[in-house]
Amino acid sequence: MRKKLLLIAIVVLATASLLLTYSASMAQAQKPKIAPPCKQCHAPDEKTLMGTMVGVSDRAETIQIQIGPASWIVKYDDNTKVKGISELEKIPKEKEIAITLTERDGILYAAYVAVKQPATLPDEKKIKIDELSRLIETQGDFVLIDSRPAPKFHEGHIPGAISIYDAEFEKNIDKLPKEKDKLLIFYCAGPT
């Protein structure tokens, strides 16, 4: 009888372990792999995470990346390549990154970490601060658009600006003026 109970206990524990592993992998499969702003230029890819840097743990050899409401923790090692910055530890928090994944023994590893580089615009598409100040003071004929996420807009914005988060631009086109010759000035949190 004792052997039978021991065998049943082993089967129950093995089944529970398999179910936990399965449910953890299913939960991971449900997490987003690409942040909304990244979708504007990139297609989702099962082997790539695109979001913002949360941090690096040298001790645990992990990178944490935030993608919308979800957070991923990925291992790194000596084989992990980094592009756009000299080393992982120098990637600033909230910096946009892409992690190309590889899996070993059921554990996700970063094969490649790319840091988003600043955008470049032709000089004729840029407006200088003194020009914008003059337009604001004279109440010139323009629309000022803050393209940061709504919480950032509500923390503080340039007076007179409207909020159209760049990742939700298509949903907010109706906020733009009907006149197509109106000057539109967009600003955000920086060149990336």
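The values are calculated or read from the model by the stated rules, or taken from the named source; none is laboratory data. Keep in mind the model is a prediction, meaning the values are calculated, not measured. Ideal geometry is used to build each Cβ from the backbone, glycine not excepted, and the neighbour counts take in all protein chains shown. These area figures cover heavy atoms from the full protein model, side chains too; ligands, DNA and RNA do not enter into them. Shrake-Rupley method; radii C 1.70, N 1.55, O 1.52, S 1.80 Å.
Residue by residue through the range 134-144, what is 3J(HN,Hα) from phi via Karplus (6.51 cos²θ - 1.76 cosθ + 1.60, θ = phi - 60°)? Round to whole Hz and write x for glycine and proline.
Rounded to whole hertz, the list is 5, 4, 5, 4, 8, 6, x, 8, 7, 10, 9.
Under 5 Å between amide hydrogens, which residues at least 5 positions from VAL82 or on another chain qualify, with H placed 1.01 Å from N in the peptide plane?
Sorted by chain and number, the residues that satisfy this are VAL113.
Spelling out what I want: for every residue of the range 39-53, take phi, set θ = phi - 60°, compute 6.51 cos²θ - 1.76 cosθ + 1.60 (Karplus), and round to whole Hz; glycine and proline get x.
Listing the rounded values in order: 5, 5, 10, 10, 8, x, 9, 4, 9, 9, 9, 10, x, 10, 5 Hz.
Going toward the positive end of the dipole of the chain, with +1 on Lys and Arg Cβ and -1 on Asp and Glu Cβ, which of LEU101, ILE129, PRO177 do you reach last?
Sorting the options by dipole projection puts first LEU101.
Leaving out ligands and nucleic acids, and using a 1.4 Å probe, what accessible area per residue does the chain come to in Å²? Could the numbers behind the result be given before it?
Working: 13730 Å² over 192 residues.
Per residue, the chain has 71 Å² of solvent-accessible surface.
Return the calculated 222 nm mean residue ellipticity for the chain, to the nearest 500 deg cm²/dmol, obtained by summing -39500 (n - 2.57) across DSSP H runs with n ≥ 4 and dividing by the residue count. Mind dumping the intermediate values first?
On the way: 3 runs with 44 residues, N = 192.
Mean residue ellipticity, 222 nm, calculated: -7500 deg cm²/dmol.
Counting only protein heavy atoms and a 1.4 Å probe, tell me what percentage of the range 40-122's accessible area is made up of carbon and sulfur. Kindly include the intermediate steps, with their values, before the conclusion.
On the way: 2640 of 5150 Å².
That fraction is 51 percent.
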